[in-house]
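J.: Attaching a single structure in structure tokens format; questions to follow.
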Amino acid sequence: MTHKQIQKVAKDTIAALREIVRPGMTEKYLVEYSLLKMEELGVTESWYKPLLFAGERTILSQTAEEYAPTGYCIKDNDIITLDLSPEKNGVWGDYARTIVIQDGCATDIKQLRDKEFLEGLEMEEQLHEKMAEAAHPDMTFRELHAIIDTFLQASGYKNLDFLNNFGHSILLDVPSGTFEELTNDGRMFFDAKCTHKLSECAMFTFEPHICRQGGRYGFKREDIYLFVDGKLEML
């Protein structure tokens, strides 16, 4: 599989989950559903296991080693975030979305009534637009992080990531079994310290995990980006 193909596995899995998620389903059930769906699509390995948080648990930022899905039951009006990283033959994807449940089913942003849910999803869209507008190959991750973090805080939101980053580079030809999370794995992190230029990696994720200052819920939107002939494109 190419990176584009395996990223599509993650996208298709989350799209399928949007169709089936209903009140009463648990985090554990939805994680198992995601694993089975990815297997159906030809992928049995993951860089890390699916990370799914529901309700006010969406505000949590945890490593894959710390994470465990719970028996929390989805409510009629609720929120979930699913982060997937399918991997096959050393090629891996990374994709996350926050899904809002309204009146018992996943609901498009244009139909949302809950202000916090609506504004959180809108802020994620704005952050991705801001990043795409500002990024260029000779910019460092630190420089781009400063632009995004300033915009985020000025908008009344904060970064929930436990490492205070917005993403990382995508490594090439690294099977999931060799991954040692956060220790010597070779990634460049999209944070306030990284002086590597964006052009120094083949591709990178942008995955702001945010909440409104004083808010109850977290939001996340993750995509992989790369430069093609100097122009930033989403994988």
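J.: Under the 0.36 nm per residue contour assumption, what length would be gained going from the current alpha-carbon distance of Gln126 and Ile109 to full extension?
T.: Net length gain for the segment: 4.8 nm.
J.: Starting from the Cα-Cα distance between Ala64 and Gln5, subtract it from 0.36 nm times their residue separation and give me the gain in nm to one decimal.
T.: 18.9 nm
J.: For the range 195-210, just list the computed ³J(HN,Hα) in residue order, Karplus coefficients 6.51, -1.76 and 1.60, θ = phi - 60°, integers in Hz, with x standing in for Gly and Pro.
T.: Rounded to whole hertz, the list is 9, 5, 7, 4, 6, 7, 10, 5, 6, 8, 8, 10, 9, x, 10, 9.
J.: Now for a separate question. Working only with C-alpha atoms, what are the Rg and Dmax values of the chain, expressed in angstrom?
T.: 17.0, 49
J.: Contour minus end-to-end for Lys193 and Val228, with contour as 0.36 nm per residue of separation and end-to-end as the Cα-Cα distance? Walk me through the intermediate numbers first.
T.: Details: separation 35, 0.36 × 35 = 12.60 nm, distance 2.55 nm.
Stretched fully, the Lys193-Val228 segment lengthens by 10.0 nm.
J.: How much FRET efficiency would the formula 1/(1 + (r/R0)^6) give for Glu19 and Glu133, where r is the Cβ-Cβ distance and R0 is 25 Å, rounded to 0.05?
T.: Once the sixth-power term is evaluated, E becomes 0.15.
J.: Would you mind checking Lys37/Lys115; Lys8/Lys88; Lys49/Lys231; Lys130/Lys193 for any pair whose Cα atoms are more than 23 angstrom apart? Let's see the in-between values first.
T.: Values: Lys37/Lys115 32 Å; Lys8/Lys88 13 Å; Lys49/Lys231 32 Å; Lys130/Lys193 20 Å.
Distance filter (> 23 Å) returns Lys37/Lys115; Lys49/Lys231.
J.: To the nearest 20 debye, what is the magnitude of the charge dipole of the chain about its Cα centre, counting +1 on the Cβ of each Lys and Arg and -1 on the Cβ of each Asp and Glu?
T.: That gives a dipole near 360 debye.
J.: Is the range 1-135 rounded, prolate or oblate when judged by the Cα gyration tensor, a ≥ b ≥ c being the square roots of its eigenvalues, rounded requiring a/c under 1.5 and prolate requiring a/b larger than b/c?
T.: Oblate, since a/c reaches 1.5 and b/c is not below a/b.
J.: Name the residue from Ala132, Gly104, Ile224 whose Cα lies farthest towards the positive end of the charge dipole of the chain, charges +1 on Cβ of Lys and Arg and -1 on Cβ of Asp and Glu.
T.: Of the listed residues, the answer is Gly104.
J.: Could you work out how far apart the two model spin labels at Lys28 and Asn77 are, taking each label as a point 7 Å from the Cα in the direction of the beta carbon, and quote it in nm?
T.: Result: 2.9 nm between the two label points.
J.: When a/c reaches 1.5 or more, the comparison of a/b and b/c decides; with that in mind, is the range 11-64 rounded, prolate or oblate per its Cα gyration tensor?
T.: Note, shape of the range 11-64 comes out oblate.
J.: Could you line up Glu129, Glu39, Glu87 from fewest to most neighbouring Cβ atoms inside 10 Å?
T.: Values: Glu129 10, Glu39 14, Glu87 24.
So the residues, fewest neighbours to most, are Glu129, Glu39, Glu87.
J.: Still on this structure: Pull out a ≥ b ≥ c, the square roots of the eigenvalues of the alpha-carbon gyration tensor of the range 28-103, then state rounded if a/c is under 1.5, prolate if not and a/b is larger than b/c, and oblate in the remaining case. Mind dumping the intermediate values first?
T.: Numbers: a/c = 2.14, a/b = 1.67, b/c = 1.28.
Note, shape of the range 28-103 comes out prolate.
J.: Taking the Cα centre of the range 1-93 as origin and charging only Cβ (+1 Lys, Arg; -1 Asp, Glu), how large is the dipole, in debye to the nearest 20? Please list the in-between numbers first.
T.: Numbers: 11 positive and 14 negative charges, 52 e Å.
That gives the range 1-93 a dipole magnitude of about 240 debye.
Throughout, read-outs are computed from the coordinates displayed, never taken from laboratory work. In this text the structure is predicted, and so the values were computed from the model without any measurement. A quick note on method: Cβ atoms are made from the backbone with ideal geometry, for glycine too, and the neighbour counts reach across all protein chains shown.
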